[in-house]
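The values are calculated or read from the model by the stated rules, or taken from the named source; none is laboratory data. None of the values given here were measured: they were computed from a predicted structure. Reconstructed Cβ throughout: ideal geometry from the backbone, glycine too, with neighbour counts over all protein chains shown. The protein model used for the area step is the full one, side chains on, heavy atoms only, and it has no ligands, DNA or RNA in it. Shrake-Rupley method; radii C 1.70, N 1.55, O 1.52, S 1.80 Å.
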Amino acid sequence: MSHPETIVVIGAGVIGLSTALLIQQHLNTAQSIIVVARDFPSDTSINYASPWAGAHYRPVPGTSPQTLQEASQAKRTYDYMKQVANEEPAAGIKFLKGIEHLEAPPPEYVDAQSVKNVYSHLDGFRFLSTEDFPDGVKWGVQYKTYVVNTPVYLAYMLRKFILKGGSVEKYVLTNVREAFTLAPNVKTVVNCSGVGFEDPKSFIIRGQTCLVRNPVSETITRQNTDGSWSFCIPRPLDGGTIIGGTKQPHNWDHTPSLDTRKTLLSIASKWFPFTAESDGQFDVIRDIVGRRPAREGGMRIEVEKLINGKYVVHAYGAGGRGWEISRGVSEDTVDLMLESGLLRAKAAL
């Protein structure tokens, strides 16, 4: 007796769950889907980056193929997040004012076409005038963006996936091919594992942020003269405010640095509009260290055909932009699966 076909999705981060939900819409009656992961939304692990993310949308101008691909993915994610925010208030997404202040804008920020490529679709986008600039700022914009309460949105996606008939299994894979053994008749494995499996181009970027109880009404990103970046990101549904952050490639230190916290909070009290009663003091909930799963040259999104008619569909290596490009990546991944005949073309209602 032949078993129905099972599609295995590896990883329950924002890319894995977004992709699993979209695949679900294209399953035929003889297909089922299972998400297999080491960590799920109820878990906390330094290597499970999605719950730790600040998760706001800030465009990244540039003209490289990777930048332009991510810009397309980010635009589609922005549009999708608008839809979810309108339809599902409990999903943990909120749209509000986003501001950027740069003290030493790189060349791509002063190139009009480069900026237009990634900012023009944003609601309420405008350049700030020099009289709006705080001290030291040379370039500034504002627009309507979204912020996400990351644990809430991950749990929302997982709940939706299970209610629509998806299965989950907590399992630590050591090799991508092992996933073919986790259910009967697995033809396709979708690799949303973050760092991939033994990919020499993959690496981690250590990030440290600070979660505080102090409220703030907008998300602000500031580039400092030394090239470092600071930001404040309010989390919807009373999730506090993320103050960040650091970006340290290949740094495996799991211990939060108190000196880093002091620097982050010092900059935040100077530049970000926390309410007057804060008086420069912060009520710290926790220091956060996460490992962003990055990859040289950007994400790997491709179909790999194995022998025996089996396929691995790769979608990993988003680095620090997993939330911003999550829906676009899931669409590009599903499009590849449709082109390869791994899913049916007509979405299920």
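Out of the stretch 19-48, which residues are open to solvent by less than 10 Å² (accessible area, probe 1.4 Å) and farther than 23 Å from Thr174 by Cβ? Give the derivation first.
The first filter runs over the stretch 19-48 and keeps only residues open to solvent by less than 10 Å² (accessible area, probe 1.4 Å), leaving 19-20, 23, 33, 35-37.
Residue satisfying the conditions is Ile23 alone.
Kindly indicate the residue of the stretch 12-57 that is of a type in the set (Phe, Trp, Tyr) and farther than 24 Å from Arg177 by Cα and also modelled with the highest pLDDT among those meeting that condition. Give the steps one after another, and end with the answer.
Start the filter on the stretch 12-57 by keeping residues that are of a type in the set (Phe, Trp, Tyr), which leaves 40, 48, 52, 57.
Now narrow it down to the ones that are farther than 24 Å from Arg177 by Cα: 52, 57.
On the way: Trp52: 90, Tyr57: 95.
Checked the stretch 12-57; the qualifying residue modelled with the highest pLDDT is Tyr57.
Would you please name the residue that is least open to solvent (accessible area, probe 1.4 Å), looking only at residues in the stretch 237-275 that are assigned to a loop (DSSP other than H, G, I, E, B) and under 19 Å from Pro134 (Cβ atoms)?
Phe272
What's the total number of residues in the stretch 80-90 that are at pLDDT 95 or above and out of contact with any helix residue (DSSP H, G or I) (no Cβ under 8 Å at 6 or more places or on another chain)?
The total comes to 4.
If you scan the stretch 190-219, which residues turn out to be open to solvent by 40 Å² or more (accessible area, probe 1.4 Å) and not in a loop (DSSP other than H, G, I, E, B)?
The answer is Phe203, and nothing else.
Which pairs have Cβ atoms under 7 Å, sit 6 or more apart or on different chains, and link a residue in the stretch 48-66 that is under 19 Å from Thr219 (Cα atoms) to one that is at pLDDT below 90 and small (Gly, Ala, Ser)?
If the second residue must be at pLDDT below 90 and small (Gly, Ala, Ser), the pairs left are Gly54/Gly245; Pro61/Ser114.
When the stretch 299-324 is examined, which residues are found to be on the phi > 0 side of the Ramachandran plot and either among the aromatic types (Phe, Trp, Tyr) or open to solvent by 40 Å² or more (accessible area, probe 1.4 Å) (or both)?
Asn308, the sole residue that qualifies.
Does the stretch 276-298 contain at least one residue that is open to solvent by 20 Å² or more (accessible area, probe 1.4 Å) and of a type in the set (Ser, Thr, Tyr)?
Scanning the stretch 276-298 turns up no residue that is open to solvent by 20 Å² or more (accessible area, probe 1.4 Å) and of a type in the set (Ser, Thr, Tyr).
Among the residues of the stretch 77-102, write down those that are open to solvent by less than 10 Å² (accessible area, probe 1.4 Å) and outside any strand (DSSP E or B).
Once the filter is applied, which keeps residues that are open to solvent by less than 10 Å² (accessible area, probe 1.4 Å) and outside any strand (DSSP E or B), the stretch 77-102 yields Thr77, Tyr78, Met81, Val84, Ala91, Gly92.
Kindly evaluate Lys187 against the criterion of being basic (Lys, Arg), assigned to a strand (DSSP E or B) and modelled with pLDDT of 95 or more.
yes
Scan the stretch 299-318 and report the pairs whose first residue is more than 21 Å from Val329 (Cβ to Cβ) and charged (D, E, K, R) and whose second residue is modelled with pLDDT of 95 or more and part of a strand (DSSP E or B), with Cβ atoms within less than 6 Å and a gap of 6+ or a chain change.
Lys310/Lys187
Out of all the residues in the stretch 325-347, which are open to solvent by 20 Å² or more (accessible area, probe 1.4 Å) and closer than 18 Å to Tyr153 by Cα?
Arg327
Could you list, in sequence order, the residues of the stretch 163-175 that are open to solvent by 20 Å² or more (accessible area, probe 1.4 Å) and in contact (Cβ under 8 Å) with a residue 24 or more places away in the chain?
Those that are open to solvent by 20 Å² or more (accessible area, probe 1.4 Å) and in contact (Cβ under 8 Å) with a residue 24 or more places away in the chain: Lys164, Gly165, Ser167, Val168, Glu169, Lys170, Tyr171, Val172, Leu173.
Do the conditions hold for Val195, that is, is it touching a Cys at 6+ places or on another chain (Cβ under 6 Å), among the β-branched types (Val, Ile, Thr) and in contact (Cβ under 8 Å) with a residue 24 or more places away in the chain?
Spelling it out, it is not the case that Val195 is touching a Cys at 6+ places or on another chain (Cβ under 6 Å), among the β-branched types (Val, Ile, Thr) and in contact (Cβ under 8 Å) with a residue 24 or more places away in the chain.
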